[in-house]
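S.K.: Just passing along the structure, written as structure tokens.
The values are calculated or read from the model by the stated rules, or taken from the named source; none is laboratory data. These numbers come from a predicted model, not from an experiment. Cβ coordinates were reconstructed from backbone atoms using ideal geometry, including for glycine residues, and neighbour counts include every protein chain displayed.
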Amino acid sequence: MRIQSVDIARGLCIILVVWGHNAQFTDTVINHALWTIRMPMMFFVAGSFIKHQQAFRQLMREKADALLKPFVVMALLQAPARMLIGETDLTSLAIGLMAGGGHYLPWVYYLWYLPHLWLVFMGGHMLLQAGRFDKWPPAFQTLSIALALCGGIWTSNLFPSAPYKLGDLSKNLAFFMLGFLCRSTWTSPPASWPPRAAALSTLLASQYLLQSGAVDVSSAEYVIALMLSALAGIALLTAIAKWLASMPLVSAILSRCGRESLFILLFHWPLQNLGRHAWPWVLPNNMPWLTALLSWLSSICLSLMLARLMRSDYRTAALWLPMQTVRKIRSQASRTPAQRPARPARTEAATIDFAETLPEINARAMR
């Protein structure tokens, strides 16, 4: 089954990522605040549904198929044109593909999340299988996550160009493992107003410290403020996603964005840049904010259209989607309309076709 609030959370995160990649919005107070929230939330959601009982080699192959393949395909599709204009060569291309992007492949730098998430999944699986992290006492789990966050914030500034974003591994793995520990959150009732108010107050206070210059970037206070901002943002986005699940139209739009977040991530950058150059031709002069807003919206809408197009045929789907999904698309295409199963009705809490871990989540929530 698919939990609708999870799809909504993913949808919120990906549209905020696209917002942050718009040059008009980059250097704004809102974007600086969202920068501390959106990626931690994406790792938090990913960690909620790791299949930690799966064999390591099988997980490695499946996640390479789901995460590394679209990254490589997107890089290779653009490589001939980049070589033609002298922006790269075969050596830089090969190194960039092996290193998961970086400055060797600047045209797909925005896709760093895909190879890095693959690495985070591998690290999370080893912690759960070999390290037995889920069996640690809660105090040790909390302390280890806090230490990993603090250390990861420091190393991310120290090694910003490391292969596979290794400098960010400790920090993002901490959010990932936090998502694993809190995975029953998605099936539990929404939080009451006092915790939400506390999370909002924490977020505002930490953002004031981060953006007012009250704390030095190299200080421990900065690290703590950044950590608190991310944790408070995760709590608020989770609450917002559950609240929006009760609004049919909004939840349908955001759920669609969440389900197609891979395609939005892949295509939004070139489409948004195209929109920034195309929209001024049809808009009055000196309207940069309207141009930026329309570029943002159109890049998301066009990405969703491309996602539908890519899913319409198993041969195009094989370039981007896991082979397990491709086989389902091929199987459905070979059936006659009478043989195809009826689409089940949605419920307010969930939609169909989610990870096999949901029964385990429900079982934990009932304990």
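S.K.: Could you list, in sequence order, all residues of the range 93-107 that are surrounded by 17 or more Cβ atoms within 10 Å (Cβ to Cβ) and without any contact (Cβ under 8 Å) to a residue 40 or more places away in the chain?
M.R.: Leu93, Gly96, Leu97, Gly101, Tyr104, Leu105, Trp107
S.K.: Which one is nearest to Trp19 (Cα to Cα) among residues in the range 276-292 that are assigned to a helix (DSSP H, G or I) and without any contact (Cβ under 8 Å) to a residue 40 or more places away in the chain? Quick ask: steps written out before the conclusion?
M.R.: Within the range 276-292, the subset assigned to a helix (DSSP H, G or I) is 276-281, 288-292.
Right, trim to without any contact (Cβ under 8 Å) to a residue 40 or more places away in the chain and you get 277-281, 290.
Values: His277: 17, Ala278: 18, Trp279: 17, Pro280: 18, Trp281: 22, Leu290: 13 Å.
So the residue we want is Leu290.
S.K.: Now a separate question. Name the single residue that is farthest from Leu319 (Cα to Cα) among those in the range 260-275 being in contact (Cβ under 8 Å) with a residue 40 or more places away in the chain and not hydrophobic (A, V, I, L, M, F, W, C).
M.R.: Going through the qualifying residues, I end up with Gln272.
S.K.: When the residues of the range 310-337 are narrowed to those that are part of a loop (DSSP other than H, G, I, E, B) and of a type in the set (D, E, K, R), which ends up nearest to the chain's Cα centre (by Cα)?
M.R.: Asp313
S.K.: Looking only at residues that are within 23 Å of Phe43 (Cβ to Cβ) and outside any helix (DSSP H, G or I) in the range 85-117, which one is nearest to the chain's Cα centre (by Cα)?
M.R.: So, considering only residues that are within 23 Å of Phe43 (Cβ to Cβ) and outside any helix (DSSP H, G or I), the one nearest to the chain's Cα centre (by Cα) is Trp112.
S.K.: Then there's this: Residues in the range 1-42 that are part of a loop (DSSP other than H, G, I, E, B) and β-branched (Val, Ile, Thr): how many? Explain how you work it out, then say what you get.
M.R.: Going residue by residue through the range 1-42, those that are part of a loop (DSSP other than H, G, I, E, B) are 1, 21-28, 36-37.
Filter once more, keeping what is β-branched (Val, Ile, Thr): 26, 28, 36-37.
Number satisfying all stated conditions: 4.
S.K.: Let me ask something else. Just for helices (runs of 4 or more DSSP H) wholly inside the range 141-259: which have at least 1 residues that are touching a Gly at 6+ places or on another chain (Cβ under 8 Å) and touching a residue at least 40 places away in the same chain (Cβ under 8 Å)?
M.R.: The helices (runs of 4 or more DSSP H) meeting that bar are 169-181, 193-211, 248-259.
S.K.: Restricting attention to the range 129-151, does a residue exist that is touching a Pro at 6+ places or on another chain (Cβ under 6 Å) and crowded, with 19+ Cβ neighbours inside 10 Å?
M.R.: no
S.K.: Can you report the number of residues in the range 72-90 which are of a type outside the set (Ser, Thr, Tyr) and over 20 Å from Leu321 (Cα atoms)?
M.R.: Number of matching residues: 11.
S.K.: Another question about this same structure. Could you run through the range 43-60 and say how many residues are in a helix (DSSP H, G or I), touching a residue at least 24 places away in the same chain (Cβ under 8 Å) and surrounded by fewer than 23 Cβ atoms within 10 Å (Cβ to Cβ)? Even if it seems obvious, please write down each step before you answer.
M.R.: Here is the first cut: in the range 43-60, the residues in a helix (DSSP H, G or I) are 43-47, 56-60.
Filter once more, keeping what is touching a residue at least 24 places away in the same chain (Cβ under 8 Å): 43-47, 56, 59-60.
Within this subset, residues satisfying the condition of being surrounded by fewer than 23 Cβ atoms within 10 Å (Cβ to Cβ) are 46, 56, 59-60.
Summing the residues that are in a helix (DSSP H, G or I), touching a residue at least 24 places away in the same chain (Cβ under 8 Å) and surrounded by fewer than 23 Cβ atoms within 10 Å (Cβ to Cβ) in the range 43-60 gives 4.
S.K.: Condition first: among the polar types (S, T, N, Q), modelled with pLDDT of 90 or more and within 19 Å of the chain's Cα centre (by Cα). Can you find one or more residues in the range 158-173 that meet it?
M.R.: Checked against the condition, which is being among the polar types (S, T, N, Q), modelled with pLDDT of 90 or more and within 19 Å of the chain's Cα centre (by Cα), the range 158-173 yields at least one hit.
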